[in-house]
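Take a look at the structure set out below.
Coordinate-derived values only; no laboratory data. Quick caveat, the model's predicted, so the values are computed rather than measured. Note that each Cβ is placed from the backbone with ideal geometry, even for glycine, and that neighbours are counted across all protein chains shown.
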Amino acid sequence: MLPNICEITAGSFDKEVLHVEEPVVVEFFGQSCPHCIKFSPVYEQLAESLEGEARFVKIDVIRNKANRTLAHSRGVRTVPTLEVFYQGRVIGSMVGYHEIKKVVPTVKEFLSKKEENIGPGTPLKHLT
C-alpha cells in the first residue's frame, strides 16, 4: 500500500473520515475479493493522481466483523465501493470495479463540486 493510503477500522472511521475538514476518499474492500484485488492498483493510481486534493483510506469489510457492520450501516453491500466524503458527508460514490480512466475524472468531479454537494437536500452523486 502506498504511504498516502492508510488502512482504517470501524473504530477509527469517525476520527479519520467524518471529523476531518478535507475531503476523504474511502475504499470499502476485501483482501480476498477478486474485484478488489483487481481494483487495488486503480485506487493507488487514483491516490497518486489526486495527492494533495484528498485523503485516501481503505477499510477491509470482509475480514473484520466491526468493519462489516459499519459498511452495512452505511448501505455498502458490494465491494469494492468508493465513497467520497467532505466535512463528514458523502458527496459521491462508485460501486464495483472501474478502469482508472473512469475513476479519476469521476472522483475529480465529486471533489470539484464538494461545496455544492453538502447543502441540505442535496442528492447523492452515485455511479455504478
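Close amide H partners of Glu7, meaning residues 5 or more places away or on another chain with modelled amide H under 5 Å apart, are Lys58. For Asn64, neighbours were defined as the other residues whose beta-carbon sits under 14 Å from its Cβ, and their charges (Lys and Arg +1, Asp and Glu -1) total +2. Extension gain for Ser112-Ala66 works out to 13.3 nm (0.36 nm per residue, less the C-alpha to C-alpha distance). Taking a 20 Å limit on the Cα-Cα distance, which of the listed pairs Lys38/Lys65; Lys38/Lys58; Lys58/Lys108; Lys65/Lys102 fall beyond it? Distance filter (> 20 Å) returns Lys38/Lys65; Lys65/Lys102. Summing charges over all other residues whose Cβ lies under 10 Å from the Cβ of Asn4, with Lys and Arg as +1 and Asp and Glu as -1, gives -2.
Taking 0.36 nm per residue of separation and subtracting the current Cα-Cα distance, fully stretching the chain between Glu53 and Ile37 would add 3.3 nm. Summing charges over neighbours of Val24, with a neighbour being any other residue whose Cβ is under 12 Å away from its Cβ, gives -2 when K and R count +1 and D and E count -1. Under the Kirkwood approximation for Rh and a Cα-based Rg, what ratio Rg/Rh is obtained for the chain? The Rg/Rh ratio comes out at 0.92.
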